Amino acid sequence: MGGGACSDISARDRRDPRDLAPLLRPGHAAQAFRRFVAAEPETALRVLLTPAGGVHERAVALQREVFVEAIERDGAELPRDLDDLAYLYVRIFESMLYVDILSDRDPSFEVAARARRALLTRS
């Protein structure tokens, strides 16, 4: 992985498949980022959530790498196909990060954490 925001995150946070929140909270709190999202919500959503911006695809690829590392390093047993799991895992957090733009709700990392735990649980 190259530089950028992810390089500022500790190795433990990058590799722990149970906790994506540390990867996302710095972007959520950044004032310039939030000003952009507030000023240009449609553009921001297109850049962040669609193939046009590539952000979502990169987040999914990084999350898949986290899952692969957890399997190889810790012998983690994950309940679904890794591509599907990474996609859904990232979408859960995106939906909470941008909930104030997508709907009239307030962001809740606790709601996202509960959904994430349910996704990682074998049924």
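Each reported figure results from applying straightforward, stated rules to the coordinates on display, with no laboratory input. Just so it is clear, the structure is predicted and the values come from calculations on it, not from any experiment. FYI the Cβ positions are ideal-geometry reconstructions off the backbone, even for glycines, and counts take in every protein chain you see.
Just subtract the alpha-carbon distance of D100 and I71 from 0.36 nm times their residue separation and send over the number in nm, one decimal.
7.0 nm
Pop the C-beta distance of E57 and F109 into the FRET formula with R0 = 35 Å and round what comes out to the nearest 0.05.
E between E57 and F109, to the nearest 0.05, is 0.95.
For segment 14-120, taking Cα atoms only, what is the radius of gyration to one decimal and the Dmax to the nearest whole Å?
In Å, with Rg to one decimal and Dmax whole: 14.1, 45.
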